[in-house]
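Please treat every number below as a calculation from the coordinates, not as lab data. Since the model is a prediction, treat every value here as computed from it, not as a measurement. Note that we place each Cβ from the backbone using ideal geometry, even for glycine, and neighbour counts take in every protein chain shown.
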Amino acid sequence: MKDKAIPNEYDGPRAPAKRTPQAGISLDYAASDDAAEIDAGIRDTIKGVRLSILAMGLGLAKLKAKGLYTDLGCHSMNDYLEELCDDMQIDKTTVYSWLHIGEAYIKYKKDLEKIKFSDEDGPTKLLFVGRALEYHEKNVVLRNVKEMSYRKFKEFSKGDEAPAPPSKIKVVGNKIYIGRDLAVTIADKLDPQTRAYLEKITVQAGEALEAGEILYTTRLYDKEELRRFERGAEKLKKEMRSRN
C-alpha cells in the first residue's frame, strides 16, 4: 500500500500581528495614501498616548501623595522614579512631567470636572494652569485650558509680563561699563579674535549678575567637546528645574 502524498501548503512567512499603543487604535493609516485618513489616524493615536499620560500621571501622584512607594521597597518618591526610569528606559524629565500633570489634575480636579476637561483636551496643558492663575482670572484660565492648543495655552500662561529693563552693560570701544562705572578695559594690542572672545565673556558675566544668576565657567578641549557638553548641560538643567 502506497503512502498518500501530503501536499506542501506553506506559502511563506506570515506578517507579524500589529502592535498598537492603545487597544482599539488601528495603525492601518500608516500604509494609506489618503491624507484625511492619515491625519485622523495620527490624531487618534495621539489621543491614545494622552490617555496613557494622564493615567500614568494620576498613578504617580497617588504613589507620592499616599507614600505608596514604600510598599515597593523605595525610601522616597525620587528613589521610585529613578528605579522606574532605569527599568523602563525612560527619560527622567518625561516621567517628572507625568507626575506634575497628575498632581495638577488632582489640585484643580473640581474645577476641571466642572468644565468637563477630558483627555482629548490635552493633559500636558495642565502643567501651566498654576502659572496661568497667577496672571489671569480663574474662569478665563479654565475656558482657555479647555479650548486653546498646548502652544497657545503655554504662551497665555506667561501673562502680560513687563518687559525686562534695558541692560546696564555697555561696550564702548575697548572698555566695558556697568552703568556709568568702568568695569573692564581690554588691551588694544590683542588680536581681534581674542578681544571679541574676552568681551563676550565679560558681557555675559555682567548680564548674569544683573539677572541674579550664576555664570559658571569651565575649560573644554575643542568646539566638538563644547557641543557635546552643551547638550548634556541643557538636559541636566531641564531635569533639575523640573524637580523644583
- Task: About the Cα centre of region 169-227, how large is the charge dipole given +1 on each Lys and Arg Cβ and -1 on each Asp and Glu Cβ? Please answer in debye to the nearest 20.
- Result: 200
- Just in region 139-197: which trypsin sites (Lys or Arg not before Pro) are loop by DSSP and have at most 11 other Cβ atoms within 10 Å? 180, 189
- Task: For region 28-156, build the charge dipole from Cβ charges (+1 Lys, Arg; -1 Asp, Glu) around the Cα centre, then report which of 58, 73, 133 sits farthest towards its positive end.
- Result: 133
- Message: Which of the three applies to region 28-156, rounded, prolate or oblate, going by the alpha-carbon gyration tensor with a ≥ b ≥ c and a/c under 1.5 meaning rounded?
- Response: oblate
- Task: Counting other Cβ atoms within 10 Å, keep those with at most 11, restrict to DSSP loop, and tell me which trypsin sites (Lys or Arg not before Pro) in region 207-242 are left.
- Result: 219
- Classify region 169-227 as rounded, prolate or oblate from the Cα gyration tensor: take a ≥ b ≥ c as the square roots of its eigenvalues, call it rounded if a/c is under 1.5, otherwise prolate when a/b beats b/c and oblate if not. oblate
- Note on the structure: The rounded separation in angstrom of the Cα centers of region 204-244 and region 136-196 is 17
- Mind listing the phi-derived Karplus ³J(HN,Hα) values for region 71-88, rounded to whole Hz, using 6.51, -1.76 and 1.60 with θ = phi - 60°, and x for any glycine or proline? 5, 9, x, 10, 7, 8, 5, 5, 4, 5, 5, 4, 5, 4, 5, 5, 5, 9
- Item | Assigned charges on the beta-carbon of Lys, Arg, Asp, Glu; region 107-243 dipole about Cα centre (debye) | 360
